[in-house]
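Asker: Quick one: this structure, given as structure tokens, is what I'll be asking you about.
The values are calculated or read from the model by the stated rules, or taken from the named source; none is laboratory data. Not measured: the values here are computed from a predicted model. Heads up, the Cβs are rebuilt from the backbone with ideal geometry, glycines too, and the neighbour counts pull from every protein chain shown. Just so you know, the surface numbers come from the protein's heavy atoms only, side chains and all, with ligands and any DNA or RNA stripped out. Shrake-Rupley method; radii C 1.70, N 1.55, O 1.52, S 1.80 Å.
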Amino acid sequence: WDSLDARPLPAWFDEAKFGVFIHWGVFSVPSFGSEWFWWYWQKEKRAPYVKFMEANYPPGFSYEDFGPLFTAEFFDPNQWADVLKASGAKYVVLTSKHHEGFTLWGSKYSWNWNAVEVGPKRDLVAELATSVRKRTDLHFGLYHSLFEWFNPLFLEDATNVFKTRKFPISKSLPELYEIVTKYQPEIIWSDGNGNAPDTYWNSTGFLAWLYNDSPVRDTVVTNDRWGVGSICTHGGFYTCSDRYNPGHLLRHKWENCMTIDKRSWGYRRNAQLDDYLTIEDLVKQLVETVSCGGNLLMNIGPTHDGRIAVIFEERLRQMGAWLKVNGEAIYGTKPWRAQNDTVTPEVWYTFSPKEDKVNAIFLNWPLSGTLELGEPQAKLGETQVELVGYKELLKWVALGEKGIVIALPQLTPKQLPCQWGWTLQLTGIN
């Protein structure tokens, strides 16, 4: 691990700041409760899942019977690519295989439980990879679950307290080599250690090949989910936990992976409007995350027939509209010496090294028309303050070591550069 952890993270990942996660698979067919449907229904026997199956499916209906119903007839990879581009995201991570074991490509290691042989009869990974690369400048990444809940080989290894390694040798590792060689993803987003150590998975062996000999060795980035004990300590960027947002600067590059639907990563047919984060919530997540040195990976769950639900499309396009105005305070920035303001809440800072500008992103437009910032120290005759998307320089008063008060322009709602958070750019400050 010492050697692997010493590999510098390819620069593109830190500069990108914002990606879109896509959770799609057989769990999109019941689209009820969670993408953990199979586990909650069959293993934990949770009442809502058991009742849902009893009420809607014949006796003896198995999870495998959902496979042929995963049809993807409306899946248009070009349309998906266009929505991803419009979101302002710089990378996308598709679930190539979740814990259910169903691969979205025709894996030769997943016999009769893959999208080419069952359901869509299409290589969904290949189609999306091709469209993303042809129509956008997004980096294409793949999520892959190490373990599978009900795979007999995995269960046998688990019974043997992972002293045997039938499952990783015959299934998990061959799949990883297969997706890297075949699709050349620039992110491998590993997940699901199955309570087994990295030695069981031979994670270091795989990563050594990935970083040294694979076709993506120079550009690929990986996360930290490579076996028990590796999360937040080993690998490329740290994820630490789902929806991780520490609110302070971390020394190591990290990512906040989170969902627009507060309750689930996969699509839920019975989700209510209130279950979805608003664009204000999402902009806040992005700004807080980037200020503290992280990337935001924002998840959507498509339907079994291959649609990005309209609410997800709207959120993605809203984020893109916000980034069109404020992107210079996000992309390619570095954390500043202060992450958020000490005087006014909901103000977050980033630093643009090329322009030598401090960006102050404020989420609430003050009623007074003036914004007091405690962190930046202004210099008479040198400091300039601009509102991104507004032409004229702003007036300000220095408060010495106590910061600066900025007079915001009096604008009607239609004149505002955007609707959900605004950026002040400060040059020539201490």
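Asker: Residues in the range 130-144: is at least one free of Cβ contacts under 8 Å to residues at least 24 places away in the same chain, out of contact with any Pro (no Cβ under 6 Å at 6 or more places or on another chain) and in the same structural domain as Trp24 (by the TED database)? If you could, list the steps in order and put the result at the bottom.
Answerer: Keep residues of the range 130-144 that are free of Cβ contacts under 8 Å to residues at least 24 places away in the same chain, which gives 133.
Subsequent filtering for residues that are out of contact with any Pro (no Cβ under 6 Å at 6 or more places or on another chain) retains 133.
In the following step, the residues that additionally are in the same structural domain as Trp24 (by the TED database) were identified as 133.
Checking the range 130-144: at least one residue is free of Cβ contacts under 8 Å to residues at least 24 places away in the same chain, out of contact with any Pro (no Cβ under 6 Å at 6 or more places or on another chain) and in the same structural domain as Trp24 (by the TED database).
Asker: Would you mind finding the one in Leu155, Leu176 that is surrounded by fewer than 21 Cβ atoms within 10 Å (Cβ to Cβ) and part of a helix (DSSP H, G or I)? Explain how you work it out, then say what you get.
Answerer: Values: Leu176 fails: surrounded by fewer than 21 Cβ atoms within 10 Å (Cβ to Cβ).
Within the list Leu155, Leu176, the selection yields Leu155.
Asker: Any idea which residue in the range 214-229 is farthest from Gln184 (Cα to Cα), counting only those that are of a type in the set (S, T, N, Q) and free of Cβ contacts under 8 Å to residues at least 60 places away in the same chain? It would help to see each step written out before you state the result.
Answerer: Taking the range 214-229 first, the residues of a type in the set (S, T, N, Q) are 214, 219, 222-223.
Checking which are free of Cβ contacts under 8 Å to residues at least 60 places away in the same chain leaves us with 214, 222-223.
Working: Ser214: 9, Thr222: 13, Asn223: 16 Å.
Within the range 214-229, the match that is farthest from Gln184 (Cα to Cα) is Asn223.
Asker: Let me ask something else. Being surrounded by fewer than 18 Cβ atoms within 10 Å (Cβ to Cβ) and assigned to a loop (DSSP other than H, G, I, E, B): is that true of Thr199 here?
Answerer: No: the conditions fail for Thr199.
Asker: Confirm whether Val325 is free of Cβ contacts under 8 Å to residues at least 12 places away in the same chain and surrounded by fewer than 21 Cβ atoms within 10 Å (Cβ to Cβ).
Answerer: On the way: free of Cβ contacts under 8 Å to residues at least 12 places away in the same chain: no; surrounded by fewer than 21 Cβ atoms within 10 Å (Cβ to Cβ): yes.
In short, no.
Asker: Further, regarding this structure: Against the conditions (1) under 22 Å from the mean Cα position of the chain (by Cα); (2) not in a strand (DSSP E or B), where does Ser190 fall short? Just the number, please.
Answerer: The single condition Ser190 does not satisfy is (2).
Asker: Another one. Return the residues of the range 225-243 that are in contact with a Phe, Trp or Tyr (Cβ under 7 Å, 6 or more places away or on another chain) and either open to solvent by 10 Å² or more (accessible area, probe 1.4 Å) or not assigned by the TED database to the domain that holds Asp191 (or both); say none if nothing qualifies.
Answerer: Hits for the range 225-243 are Cys232, His234, Tyr238, Cys240.
Asker: Considering only the range 309-317, I want to know if a residue exists there that is of a type in the set (Val, Ile, Thr) and crowded, with 18+ Cβ neighbours inside 10 Å. Working first, answer last.
Answerer: Within the range 309-317, the first condition is being of a type in the set (Val, Ile, Thr), and the residues that meet it are 310-311.
From what is left, the residues that are crowded, with 18+ Cβ neighbours inside 10 Å are none.
No - not one qualifying residue is present in the range 309-317.
Asker: In the range 328-355, how many residues are farther than 17 Å from Ile279 by Cα, open to solvent by 40 Å² or more (accessible area, probe 1.4 Å), in a loop (DSSP other than H, G, I, E, B) and not hydrophobic (A, V, I, L, M, F, W, C)?
Answerer: 8
Asker: Just checking, which of Pro413, Pro417 is open to solvent by less than 40 Å² (accessible area, probe 1.4 Å), part of a loop (DSSP other than H, G, I, E, B) and either at pLDDT 95 or above or not assigned by the TED database to the domain that holds Val287 (or both)? If you could, list the steps in order and put the result at the bottom.
Answerer: Values: Pro413 fails: open to solvent by less than 40 Å² (accessible area, probe 1.4 Å).
After ruling out the rest, the residue left standing is Pro417.
Asker: Now for a separate question. State which residue is nearest to the chain's Cα centre (by Cα) when the search covers only the range 213-224 and only residues that are of a type outside the set (Gly, Ala, Ser) and surrounded by fewer than 22 Cβ atoms within 10 Å (Cβ to Cβ).
Answerer: Asp224
Asker: Only residues that are of a type in the set (Gly, Ala, Ser) and under 25 Å from Pro353 (Cβ atoms): list them for the range 388-430, please.
Answerer: At the first step, the residues of the range 388-430 found to be of a type in the set (Gly, Ala, Ser) are 389, 398, 400, 403, 407, 421, 428.
The answer is Gly389, Ala398, Gly403, Gly421, Gly428.
Asker: Further question on the same structure: Would you please name the residue that is nearest to Gly194 (Cα to Cα), looking only at residues in the range 122-152 that are open to solvent by less than 60 Å² (accessible area, probe 1.4 Å) and among the β-branched types (Val, Ile, Thr)?
Answerer: Within the range 122-152, the match that is nearest to Gly194 (Cα to Cα) is Val125.
Asker: Under 7 Å by Cβ, and 6 or more places apart or on different chains, what pairs join a residue from the range 400-417 that is basic (Lys, Arg) with one that is surrounded by 13 or more Cβ atoms within 10 Å (Cβ to Cβ) and in a loop (DSSP other than H, G, I, E, B)?
Answerer: Matching pairs, first to second residue: Lys402/Gly374.
For every residue, the table says whether it meets (1) part of a helix (DSSP H, G or I); (2) among the acidic types (Asp, Glu); (3) surrounded by fewer than 20 Cβ atoms within 10 Å (Cβ to Cβ).
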site	(1), (2), (3)
Phe27	yes, no, no
Lys45	no, no, yes
Met53	yes, no, yes
Pro59	no, no, yes
Ala72	no, no, no
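Asker: Here is a check on your reading of the model: is Phe32 assigned to a loop (DSSP other than H, G, I, E, B), open to solvent by 10 Å² or more (accessible area, probe 1.4 Å) and in the same structural domain as Ala208 (by the TED database)? Spell out how you get there, then give the answer.
Answerer: Working: assigned to a loop (DSSP other than H, G, I, E, B): yes; open to solvent by 10 Å² or more (accessible area, probe 1.4 Å): yes; in the same structural domain as Ala208 (by the TED database): yes.
Yes: the conditions hold for Phe32.
Asker: Separate question: Of all residues in the range 78-123, which are in contact with a Phe, Trp or Tyr (Cβ under 6 Å, 6 or more places away or on another chain) and among the acidic types (Asp, Glu)?
Answerer: The answer is Glu100, Asp123.
Asker: Which one is farthest from the chain's Cα centre (by Cα) among residues in the range 375-401 that are open to solvent by 70 Å² or more (accessible area, probe 1.4 Å) and of a type in the set (A, V, I, L, M, F, W, C)?
Answerer: Filtering the range 375-401 down to residues open to solvent by 70 Å² or more (accessible area, probe 1.4 Å) leaves 380-382, 384, 391-393, 395, 397, 401.
Those left that are additionally of a type in the set (A, V, I, L, M, F, W, C): 380, 393, 397.
Values: Leu380: 42, Leu393: 36, Val397: 40 Å.
Here the answer is Leu380.
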